[in-house]
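I have placed the structure first, in the form of structure tokens, so that the comments after it can refer back to it.
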Amino acid sequence: MNFNHIVVQNILRDKSTYISYFLSSVFSILVFFLFSTTAFHPMMAELDTTSTLGMTMMLASFFIYIFSFVFIIYSLFAFLKKKTKTLGVFMITGASMRQIRKMVFRENMLIAGAAIITAIAIGFVIAPLFLMVTKKVLRAESFGMYVPIPSILLTIVLFTLLFLIVSKFMTRLIKKEEIVKLLKADITQEKLIVPAPFKMILSNILSVFLLISIIKEMNWVKSFETVSYIALFISFLFAIYYTITQGTLLAIRVWQRRTSYLRKTNMLFVSNLKAKGRSHAHIIYLLTVLLLGVFVCTSVLYSSYYNVKEKTEALYPYSFQYTSLPDNTSEVEKDITFIESTLDKVGKYDAYYLAFKTDEERRIGFMSVSDFNELGQHKPITLSNNEYYVVAGNEGVRPNTEDIHGYPFGILEYAGLEEQNILSTGLQNVFYIIPDKVYETIEYPVYKVFAYELDKWTNKINVANTILSEVSTEPGMHLMASKIDLYDAEKFVKSIMFFIGFMLSLIFMSAAMSILYFYLQTSLEGEKEKYAGIRKIGFSVKELASVVTKELATLTFIPFTIAALILLATMFIIRNYISSAFYQLTAIGLGIFLFLFIISFFIIRRAYLNKLVD
Amino acid sequence: MTKTILNVKQLQKEYTGEITYKALKGIDFHLGKKEFVAVMGPSGSGKTTFLNCISTIDRPTNGSILIKSKNPYELNDDELAKFRRTELGFVFQDFNLVHTLTVEENILLPLTLDSVNEKEMNESLEKVVNFLGIREILKKRTFEISGGQKQRVAIARAVIHEPNLLLADEPTGNLDSKSVNSVMTLFESINKTFNTAILMVTHDAYVASFAHRVIFIKDGGLYNEIHRGKNKKQFYQEIMDTLTFLGGGQHEF
């Protein structure tokens, strides 16, 4: 028997401890591998000439990598805690700190190696399936299976590095404690929650302050934009942490004062919570943060996917908008005839012809009121001879309403504002709608606009492709904008985002479940002993089940509730920026997750009870 | 008492916490080579703390401990580990076996940590296995054997490298009377055959009567010590008398 034999046996004979660590590592590596397989696909270069798609995939992989770091560090902590007593036994038999560290390090590297190999092997099996899904999502017909050598190498190198760093770092953290403490680690009491009401209040106030100043766009925020977002994120994490730990403490105290404390199984449940308050609160915190990650990933990304149509329409109001510039020498009529004849073949459409004059230096457009009313997307207006009306030129930017007074058009009075851009965004900074008579006196270059609107435009991408292949933007001549084309491109990006978000939320979810599993696994032995003792003094299995159910429900559903509440609160704050579809989607998403949680709760509860009673 | 293996001077141990508690208030003690000494005393008297300090698993606050003229607390971590596995053997009340290893692997653990070659390992194993009579359970896991067997395995692990000093903390605390007898007989014969000095903490007068000498600790200080004469039964009676005097021990009917 040699040293490595001990290492191997430690793992092989204690599978239940290592299995969830192993599986979650495999899962993280697998997703990383699949993402990089897509990113390094030989057809990627052709599909994605601007390489934004590849970048996004790589960014997502990078994020998974960072997350794996944190997650693996956490798992290792959980391990070491469980192994404390064993480490003490090793030390009394004469193992030095160096040997202990070596042992833990080798155990880890062994698991790491196994996890990397397993992940790549599984990756090989499901990569074709994954690529098939990707093919659908990315609409890349050419995405077939290939031997992803670069991504295999990348995965192996990066994760070996990760495990090496984490294991080396963690084994340094094994404190040199008196052996007697190590040996008694399983019976000594955990640290209790330290009351810290000021920290809780402070972190909450800070978060609220940061949040309000970001929403209100206060001055100081503008100068430190990224810093303020990071600060908000960090203070938010602290606020959640302190609120949860202090809340647990408060709940325990309140429960203990109530008279029902001494009835039935209440005392057992509450004293359990108290004894393990700190680690329970930590688990609740971790699960809350991970669940928030899941919710944000799914709701926000899916909702952005959902709003594409409205957002596209806001940017480009027309199915096709042909803008002829003043210096246009090319044959406008030929282009227009082509567009209209193509559209004629498709079916019914509305056409709008108008013109406006523009101060090209300041990009301020002037439009006659009759031309404005010609456009069909908004309510017609009437202006008296000394009035003007203001219309936005850029989407989401409030136009300046007073610039018109710098022009010699006589005295005009402000009559109203349309905040939605009427033509494609960015064409002009602002449009001033003026009486026809005034318009005729202006001597600025004339832009001619031919706008077309189709019914059911979202599925007319073929029409758009036909027209755009023939008539596209020629700088200095004419401009071409199509919401159909934009919508198609946007939808493509959003579906990739959603796809990535979905994978990320899967990772968060698996991490959350794995953390819970770890935690229960770690405390199982002690709990078993405790309940065996209590059962001897007359404690039915039913009563035991009720205590365990309450405790497990606390651990699973409190994080869920908190995360859901935070999500809902966030939605309430940004309610002006989101559509009602978002609520529906969030409700559906939460429902699905709740369902998954309830199912896993019952599975975990059953398995845990079986182990406890047996 | 020609040679001394363990020399303890003014050993003190304080536990600092919310209330500072003095577990040991200055104990002088020496243990001769080949000597077998039992430490007794009421609960909370500090006997286990005394043993833990000597075992190098709990650092004393004050005083000196010399094992074979070396102060283990002056050694660095590597040296201390080496010292533990060559000079000391440990037996605990709750066995402290590694549950992921088999019986055989548990016994070989100290040698493995020392990277002893396989031939030597097997020879040593052969020797202790014969001596302790645990051949049939070698391939079993720690949870498949009885308490008495577990303690035998722990003893085997403690003596496989033939230490000079065997330290035992309530080695019979978790055992039935039959196992107590066999474990104590084992201690006696280890003491005789391997010339191992033994320091054992116990609260059982019968177990203590196997020793050559019994020291009594009360409230963190040395209270009394008695030597065994020719007669074991008489020795047992003397121990009982001292315990009764200490308060505790024999019950009155």
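Distant-in-sequence amide contacts of B:LYS218, defined by a placed amide H-H separation under 5 Å and a gap of 5 or more residues or a different chain, comprise B:TYR223. Per the Kirkwood formula applied to alpha carbons, the stretch B:62-122 shows a radius of gyration over Rh ratio, Rg over Rh, of 1.04.
Dividing the summed -39500 (n - 2.57) terms of all DSSP H runs of n ≥ 4 by the residue count of chain B sets its mean residue ellipticity at 222 nm at -11500 deg cm²/dmol.
What FRET efficiency do you get for A:VAL8 and A:GLU529 if R0 is 30 Å and r is their Cβ-Cβ distance, rounded to the nearest 0.05? Approximately 0.55, to the nearest 0.05.
Across the stretch A:270-277, coupling constants 3J(HN,Hα) worked out from phi with the 6.51/-1.76/1.60 Karplus curve, θ = phi - 60°, read 5, 5, 4, 4, 5, 4, 10, x Hz, and Gly and Pro carry x. Between the alpha-carbon centres of the stretch A:424-443 and the stretch A:331-346 there is a gap of 27 Å. For the stretch A:317-481, a crude dipole built from +1 on the beta carbon of Lys and Arg and -1 on the beta carbon of Asp and Glu, taken about the Cα centre, is about 420 debye to the nearest 20. Treating the stretch A:378-426 as a set of equal point scatterers at the Cα positions, no solvent, please give the Debye-formula log₁₀ I(q)/I(0) at q = 0.16, 0.29, 0.30 Å⁻¹. Debye intensities relative to I(0), on a log10 scale: -0.49, -1.13, -1.16. The stretch A:1-32 and the stretch A:596-614 have their alpha-carbon centroids 23 Å apart. With helices as the sole contributors, chain A gives -23000 deg cm²/dmol at 222 nm; each DSSP H run of n ≥ 4 counts as -39500 (n - 2.57), and the sum is divided by every residue.
With unit charges on the beta carbon (Lys/Arg positive, Asp/Glu negative), name the residue among A:VAL125, A:ALA39, A:LEU412 whose Cα is farthest towards the positive pole of the charge dipole of chain A. Going by the Cα projections, it comes out as A:VAL125. Shown is the FRET efficiency for B:GLU188 and A:LEU202, computed with R0 = 60 Å from the Cβ-Cβ distance and rounded to the nearest 0.05: 0.35. From the largest down, the stretch A:1-189 spans 64, 30, 26 angstrom on the principal axes of its Cα atoms. Label-to-label distance for A:VAL613 and A:PHE572 is 4.2 nm, based on points extended 7 Å past Cα in the beta-carbon direction. Shielding value for A:75-87 is 1, the average number of Cβ atoms from other chains within 10 Å of each residue's Cβ.
Among A:LYS82/A:LYS184; A:LYS175/A:LYS611; A:LYS379/A:LYS437; A:LYS15/B:LYS139; A:LYS334/A:LYS456; A:LYS83/B:LYS140, which pairs are too far apart, with a Cα-Cα distance over 24 Å? The pairs that break the limit, which is 24 Å between Cα atoms, are A:LYS175/A:LYS611; A:LYS334/A:LYS456. A simple rule links phi to the HN-Hα coupling: the Karplus curve 6.51 cos²θ - 1.76 cosθ + 1.60 with θ = phi - 60°, which for the stretch B:143-153 gives 8, 9, 10, 7, x, x, 5, 4, 5, 4, 4 Hz, with x for Gly and Pro. The mean number of partner chain beta-carbon atoms within 10 angstrom of a residue's beta-carbon across peptide B:47-57 is 2. How many angstrom lie between the Cα centre of the stretch B:67-108 and the Cα centre of the stretch A:464-526? Value for the Cα centre distance between the two parts: 58 Å.
Note on chain B: Rg/Rh from C-alpha atoms, Kirkwood Rh, equals 0.96. For B:ILE198, the amide hydrogen comes within under 5 Å of the amide hydrogens of B:GLU35, B:PHE36, B:VAL37, B:LEU166, counting only partners 5 or more places away or on other chains and with H modelled in the peptide plane.
For the stretch A:1-189, the Cβ-based charge dipole about the Cα centre amounts to some 940 debye (Lys, Arg positive; Asp, Glu negative; other atoms uncharged).
Candidate cross-link partners of A:LYS494 among the aspartates and glutamates, defined by an alpha-carbon separation under 19 Å and a same-chain spacing of 8 or more, comprise A:ASP48, A:GLU141, A:GLU310, A:GLU313, A:ASP485. For the set A:LYS309/A:LYS348; A:LYS528/B:LYS13; B:LYS13/B:LYS127, the pairs lying more than 27 angstrom apart at their alpha carbons are A:LYS528/B:LYS13; B:LYS13/B:LYS127. Take each residue in B:24-34, count the other chain C-beta atoms within 10 Å of its C-beta, and the mean is 0. With Rh defined as the Kirkwood radius, the inverse of the mean 1/r over Cα pairs, the Rg/Rh of the stretch B:16-125 is 1.01.
Here is the P(r) of chain A: all C-alpha pair distances, binned every 10 Å from 0, give 3, 12, 18, 20, 17, 12, 8, 6, 3, 1, 0 in whole percents. How would the stretch A:461-614 be classified by its alpha-carbon gyration tensor: rounded, prolate or oblate, with rounded meaning a/c under 1.5 and the a/b versus b/c comparison settling the rest? The shape class here is prolate. Close amide H pairs (under 5 Å, H built 1.01 Å from N) link B:ASP169 with B:VAL91, B:PHE92, B:GLN93, B:VAL201, residues at least 5 positions away or on another chain. Couplings 3J(HN,Hα) for the stretch A:558-563, derived from phi with the Karplus relation 6.51 cos²θ - 1.76 cosθ + 1.60 (θ = phi - 60°), are 5, x, 4, 4, 4, 4 Hz, where x marks Gly and Pro.
In this simple spin-label model, placing a label point 7 Å from the Cα along the Cα-to-Cβ direction at both A:MET477 and A:THR259 gives a separation of 9.1 nm.
None of the figures in this text is laboratory data; all of them are computed from the coordinates on show. All figures in this text were calculated on a predicted structure; none of them were measured in a lab. Positions of Cβ are backbone-derived with ideal geometry, glycine not excepted, and every protein chain shown enters the neighbour counts.
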